[in-house]
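The values are calculated or read from the model by the stated rules, or taken from the named source; none is laboratory data. Being a predicted model, the structure only gives us computed values, none of them experimental. For neighbour counting, all protein chains shown are included, and Cβ atoms are generated from backbone atoms with ideal geometry for every residue, glycine included. We work out accessible area using only protein heavy atoms, side chains counted, and drop any ligands, DNA or RNA first. Shrake-Rupley method; radii C 1.70, N 1.55, O 1.52, S 1.80 Å.
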Amino acid sequence: PGAFSLSLAGFIEEPERKYCFECATEEQCQEWVEALKRASYEFLRRSLIFYRNEIQKMTGKDPLEQYGISEEARFQLGT
């Protein structure tokens, strides 16, 4: 209790990089793990898709259109 590790794969210099974290309490560990999840690429991608769809429902317009996002990029965001 009070510790967790994070492994990152895909670095050329170090194929598997591992970081170990220690916290004063189990609660702090859970807070850190949740914060790291919310900062992940996948979480942010899903959030973007959700809010994009919500804006489109409310306005009838794709909010990314004004930024010249290509059709291909829009399709990738929707998967």
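Compute the whole-percent fraction of alpha carbon pairs in segment 4-73 spaced more than 17 Å apart. Every Cα pair in segment 4-73 considered, those over 17 Å come to 64 percent.
Sorting 53-60, 26-33 by average packing, meaning the other beta carbons within 10 Å per residue, from highest down gives 26-33, 53-60. Here's the list of lysines a cross-link from Lys18 could span, going by alpha-carbon distance under 17 Å and ignoring same-chain residues fewer than 8 apart: Lys37. Solvent-accessible surface of protein heavy atoms, probed at 1.4 angstrom with all chains present, puts Arg46, Arg38 in the order Arg46, Arg38, largest first.
On a 1.4 Å probe surface of the protein chains, which of Tyr19, Tyr41, Tyr51 comes out largest in accessible area, and what is the full order? Intermediate values should be presented prior to the final figure.
Working: Tyr19 90, Tyr41 170, Tyr51 135 Å².
Per-residue accessible area, sorted high to low, gives Tyr41, Tyr51, Tyr19.
Solvent-accessible area assigned to carbon and sulfur over segment 4-73 amounts to 57 percent, based on a 1.4 Å probe.
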